[in-house]
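*Asks:* Take a look at the following structure, please.
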Amino acid sequence: MPITAKLRPETAQANMADIAPAFTPQEALIEANRCLFCFDAPCIQACPTGIDVPSFIKKIATGNLSGAARVILSANVLGASCARVCPTEVLCEGACVVLDREGDPVKIGRLQRYATDHALASPRQVLKAPAAKSGKRVAVIGGGPAGLGCAAELAQLGHQVVVFEKHPQAGGLNTYGIAYYKMPPEVSLREVEMIKSLGVEFRCGVEVGKDVSAAQLEKDFDAIFVGIGLGRGARLNIPGEGLPEVVEALEFIEQVHTRPLHEVPVGERVAVIGGGNTAIDAVTQAKRLGAREAVIVYRRSRDEMPAYVFEQKLAQTDGARFMFNVAPLEVLSNGTGHVTGLKLARTAGGNRKLQTLPGSEFVEPFDMVITAIGEQKQGALLKRLFPALELHPKGMVLRDFATGQTNLPKVFAGGDCANGGREVVNAVAEGRKAARGIHAFLAGRKVAGPVQPSRYGVKGAPVGSGFDGPIRVAELERDYAKKTA
Amino acid sequence: MADLSINLGGIKSPNPFWVASGPPSNTAYQAHRAFEAGWGGIVWKTIGDPIVNTSSRYSGLSVGTVRMAGFNNIELTSDRSPETNFREITEVKERWPQRAIIASLMVDTRERWHEFVKRSADAGADGIELNFGCPHGMCERGMGSAVGQRPEVTERIVGWVMEAATIPVIVKLTPNITDIVYAARAARKGGANAISLINTINSITQVNLDNLVPEPAVAGLSTHGGYCGPAVKPIALHMVQSCAADPEVGLPVSGIGGIANWRDAAEFIALGATGVQVCTAIMHYGFRIVEDMIDGLSEYLDAKGFKSVMELVGKAIPTVQKWEALDLNYKRVARINYDMCIGCNLCYIACEDGAHQSIDLVPPNGHGLGPGRVPGKPIPQVREDDCVGCNLCAIVCPVDGCISMVSIDRGLQPMSWRAYQDKLGRGEVKPIPAHP
């Protein structure tokens, strides 16, 4: 049976409503007043873009919302979307000292959303590009978080920027690939508008390598930033993968973002194959769009799931089921031409020794299969665009981490195509770092990064904010657990 | 259980908690509710010629999310007739004979004072409080703080009152004066039985930044109002202690000013108040707050082995001395408990920018993992030799008990500044070198 949309419009809307609704002014004031205004706040160090968190929260507490938004957006131009999609539990909020004091951190993400929503809705421009231009032109390939982070920073440094985006809208995964209940596409599009107002030109629907050659861009522009993200979803390489109800997770999520919610087809019994955060996004949205049952099918154990614990909990709350240590062998159709189930096998052994157990095969009925086993690296495309570009064997662009510069002096890179796939906030940070690298390359001078005052003169202490060397609380805790074991 | 009853200058009350003269003590209805809740006494809203109030009257000072940390008002004395007020006092006293009812009065001439004092006693009041403190409106008419700010006038009017008084008289003092002790001595000289303090402090709480008019705003204008609430407690404690410790005053004290719970009350009592009066906290939460005031004070007295609240009165007075009596050789230093430290480093910056630069940020060396104490994040370390023991770090530290101020024995004999001056004069000590 072909799958169909399941819900009436109002039910679909209600199910997909904001998971963390906007603060009321009163809520924001109470929350802002919980911040201790640390001298050298660990939240700043945990933020890959190095947002001066206590500073913006203090401004919210005094009613200076434009000032608060300026602090956020000058460090992270996509502050509004990051406020919604960042895994704050393992970043700023995970590092918050109030967590240590009260068992509950300051809700930094929601406060950030409060301030940036104000800025996006206000006619007053928070960020400004200088009137005097450098005369230098930079092409940004890819209008996703990395490209936007780079473009906005370059514009504020006085350079002329053109963003080439193959989709009809810029924003990348922020526009097309975030769980809807975390952020509807409008937020990302408003951010794009804000970046346009800095003088950045967007050429959407233009694919570099097809509509315009990279060589042409190299001729026309003084520098190029490559922020093309990752490619299509990786394939299962099992029989039946071509059936119409087998969908890549990002394709499914894109449908959620480009069609009315009540028209997105979803199965009665949906299998989501994979154990990462995208698998969670897919399973929760399938459930919220009316799937009677939605099941995560993961070939390893729960402990090995790469999805954040709080995301796993969200899926559980949404009523999703988990099947651990099972691997798909075949998508079944029983000759109907449509998905009827999955042939699965139990697995054993961790890490590289994982293998399916002979004789453990079984069949589970499903009418939709969503694959979420990671996206493909862009090695081939990158080689085609820039034949001399040095790549990591896995297909990522090799670049200087601090400046984003590749082996081609004019070409800089950042975001998923360089880091292999991380958070939105990492992409923005890398875009901004590359912008500074490009600025140094074009103008011959560096822009200083933020520095945590306490780091001056302290031997062995990390210098700077999270922009220079972000900490990740989850990783720290793992290290700590290892060290103390 | 400790005996909570008090006797303040001849006025008896089953507990030391009185409703102060003000909006909560305006009517018989409120008095009944207060007594039902458990208040030991009530000082009636000041009776005199009925006044006319403005519509907008109060303004609150919020600190962060704490509302009414401070509070002010421009309300005047009772806007009800003396007949109504005295009749209601009689009615309330009949129903609550064991509770104290004090008539607060404010009139002008000697004859009028005689008349109102008599009417108070006839109504059945247990005592009289003379409102010499109201800092707004009435002072412009030669009453309230206009009286309290001039000791000779205070003494003269108290004298008039005592000519007619058959029940105890309390004089309520204004803090809007250079030294409140002079006003207290005047009350004593005039023959009063007790004093109560503090009345409200002249204030402007805030300016509305949209229209640039302070609050409370009355049709685009504002005026100086009387300030009260938790923020004034330290000022009130200082004044209560000063009056209670002064041998020339020698009168029982009814403590007023920012009292909101039994702890506040116990502090006032320890510094010399025989009982306390509460207004702002009632305006914030209602009469029910007295329940924990009674319960908490009772538990405290029992835990500390006091048999009655009267035993606590004035217990802390001797520990307040002139600065010159304090030991210059005493030293305390800050000690940080790293197991409790959450890594905000507010102690560091407070000391560095706001005090004496005696805390260093140093590599953590093993300290500091877990939320807020990320690896490599510097930790604060006190240089005890340089620490002057000022307490600032312990005050700003958001974790109770994380920074403790520890007494250090330097093997020196105690030496006050007074003793130091004497010894210097006799050549027994060398001058203490100036701080570098």
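The values are calculated or read from the model by the stated rules, or taken from the named source; none is laboratory data. Nothing here was measured: the structure is a model prediction, and the numbers come from that model. Every residue, glycine among them, receives a Cβ derived from its backbone with ideal geometry; neighbour counts consider all protein chains shown.
*Asks:* Considering every residue within region A:361-370, establish whether at least one is modelled with pLDDT under 95 and surrounded by fewer than 21 Cβ atoms within 10 Å (Cβ to Cβ).
*Replies:* No, because not a single residue in region A:361-370 is modelled with pLDDT under 95 and surrounded by fewer than 21 Cβ atoms within 10 Å (Cβ to Cβ).
*Asks:* Of the numbered conditions (1) more than 12 Å from chain B (Cβ to nearest Cβ); (2) touching a residue at least 60 places away in the same chain (Cβ under 8 Å), A:E10 fails exactly one; give the number of that condition.
*Replies:* With (1) more than 12 Å from chain B (Cβ to nearest Cβ); (2) touching a residue at least 60 places away in the same chain (Cβ under 8 Å) applied to A:E10, the lone miss is (2).
*Asks:* Conditions first: (1) under 28 Å from A:D281 (Cβ atoms); (2) within 14 Å of chain B (Cβ to nearest Cβ); (3) surrounded by fewer than 24 Cβ atoms within 10 Å (Cβ to Cβ). A:P87 passes all but one, so which condition is the exception?
*Replies:* Condition (2) is where A:P87 drops out.
*Asks:* Output yes when any residue across region A:150-167 is in contact with a Leu (Cβ under 7 Å, 6 or more places away or on another chain), surrounded by 24 or more Cβ atoms within 10 Å (Cβ to Cβ) and within 14 Å of chain B (Cβ to nearest Cβ), and no when none is.
*Replies:* Checking region A:150-167: not a single residue is in contact with a Leu (Cβ under 7 Å, 6 or more places away or on another chain), surrounded by 24 or more Cβ atoms within 10 Å (Cβ to Cβ) and within 14 Å of chain B (Cβ to nearest Cβ).
*Asks:* Which of the following residues is more than 9 Å from every other protein chain (Cβ to nearest Cβ) and in contact with an Asp or Glu (Cβ under 6 Å, 6 or more places away or on another chain): A:A5, A:A28?
*Replies:* A:A5
*Asks:* Same structure again: Could you name every one of the helices (runs of 4 or more DSSP H) located completely within region B:143-245 that has at least 3 residues being under 22 Å from the mean Cα position of the chain (by Cα)?
*Replies:* B:145-148, B:180-190, B:233-245
*Asks:* Of the conditions (1) assigned to a loop (DSSP other than H, G, I, E, B); (2) farther than 26 Å from A:V424 by Cα, A:Q26 satisfies every one except a single condition; which number is it?
*Replies:* Evaluating A:Q26 over (1) assigned to a loop (DSSP other than H, G, I, E, B); (2) farther than 26 Å from A:V424 by Cα leaves (1) as the failure.
*Asks:* Follow-up. Starting from residues that are outside any helix (DSSP H, G or I) and not hydroxyl-bearing (S, T, Y), keep the ones in region A:1-16 and report whichever is nearest to A:S333 (Cα to Cα).
*Replies:* Out of the qualifying residues, it is A:M1.
*Asks:* Continuing with the same structure: When you scan region A:390-428, how many residues do you find that are hydrophobic (A, V, I, L, M, F, W, C) and farther than 22 Å from A:G149 by Cα?
*Replies:* 1
*Asks:* Considering each of B:G191, B:G148, B:G142 in turn, give the residue that is within 24 Å of B:N53 (Cα to Cα), surrounded by fewer than 21 Cβ atoms within 10 Å (Cβ to Cβ) and of a type outside the set (A, V, I, L, M). Explain how you work it out, then say what you get.
*Replies:* Details: B:G191 fails: within 24 Å of B:N53 (Cα to Cα); B:G148 fails: surrounded by fewer than 21 Cβ atoms within 10 Å (Cβ to Cβ).
Exactly one of B:G191, B:G148, B:G142 is within 24 Å of B:N53 (Cα to Cα), surrounded by fewer than 21 Cβ atoms within 10 Å (Cβ to Cβ) and of a type outside the set (A, V, I, L, M), namely B:G142.
*Asks:* Can you pull out the residues in region B:333-361 that are more than 10 Å from every other protein chain (Cβ to nearest Cβ) and among the β-branched types (V, I, T)? Full working, then the answer.
*Replies:* Going through region B:333-361, the residues more than 10 Å from every other protein chain (Cβ to nearest Cβ) turn out to be B:333-339, B:351, B:354-359.
Scanning region B:333-361 gives B:V333, B:I336, B:I359.
*Asks:* Quick one: in region A:13-24, of everything that is within 20 Å of A:S81 (Cα to Cα) and free of Cβ contacts under 8 Å to residues at least 60 places away in the same chain, which residue is nearest to the chain's Cα centre (by Cα)?
*Replies:* Step by step, filter region A:13-24, then rank; the result is A:P21.
*Asks:* Hey, another quick one. Looking at the structure I just gave you, is A:L189 closer than 27 Å to A:N419 by Cα and free of Cβ contacts under 8 Å to residues at least 24 places away in the same chain?
*Replies:* Spelling it out, A:L189 is indeed closer than 27 Å to A:N419 by Cα and free of Cβ contacts under 8 Å to residues at least 24 places away in the same chain.
*Asks:* May I pose another question? Is there a residue in region B:87-99 that is within 30 Å of B:P216 (Cα to Cα) and either of a type outside the set (K, R) or free of Cβ contacts under 8 Å to residues at least 40 places away in the same chain (or both)?
*Replies:* Let us first name the residues in region B:87-99 that are within 30 Å of B:P216 (Cα to Cα), namely none.
No; the residues of region B:87-99 include none that is within 30 Å of B:P216 (Cα to Cα) and either of a type outside the set (K, R) or free of Cβ contacts under 8 Å to residues at least 40 places away in the same chain (or both).
*Asks:* Now, a different point. So A:G341 ticks every box in (1) at pLDDT below 95; (2) closer than 26 Å to A:E254 by Cβ but one. Which box is left unticked?
*Replies:* (1)
*Asks:* Okay, next question. What pairs come up if the first residue lies in region B:403-420 and is over 30 Å from B:G343 (Cα atoms), the second is loosely packed, with under 12 Cβ neighbours inside 10 Å, and their beta carbons are under 6 Å apart, counting only those six or more places apart or on different chains?
*Replies:* Sorted first by the residue in region B:403-420, then by its partner, the pairs are B:S416/B:A325.
*Asks:* Can you tell me which residue in region A:16-25 is farthest from A:I178 (Cα to Cα), limited to those that are surrounded by fewer than 18 Cβ atoms within 10 Å (Cβ to Cβ) and away from chain B (no Cβ under 14 Å)? Working first, answer last.
*Replies:* Here is the first cut: in region A:16-25, the ones surrounded by fewer than 18 Cβ atoms within 10 Å (Cβ to Cβ) are A:17-22, A:24-25.
Right, trim to away from chain B (no Cβ under 14 Å) and you get A:17-22.
Values: A:A17: 13, A:D18: 12, A:I19: 13, A:A20: 14, A:P21: 16, A:A22: 17 Å.
This residue is A:A22.
*Asks:* Please give the helices (runs of 4 or more DSSP H) falling wholly within region A:200-304 in which 3 or more residues are buried (at least 19 other Cβ atoms within 10 Å of the Cβ) and either in the same structural domain as A:A429 (by TED's automatic domain parsing) or not polar (S, T, N, Q) (or both).
*Replies:* Filter on region A:200-304 gives A:249-258, A:277-288.
*Asks:* Pairs under 9 Å by beta carbon, first residue more than 18 Å from A:Y308 (Cα to Cα) and more than 10 Å from chain B (Cβ to nearest Cβ) in region A:91-106, partner surrounded by 24 or more Cβ atoms within 10 Å (Cβ to Cβ) and charged (D, E, K, R), six or more apart or different chains?
*Replies:* A:V106/A:E93
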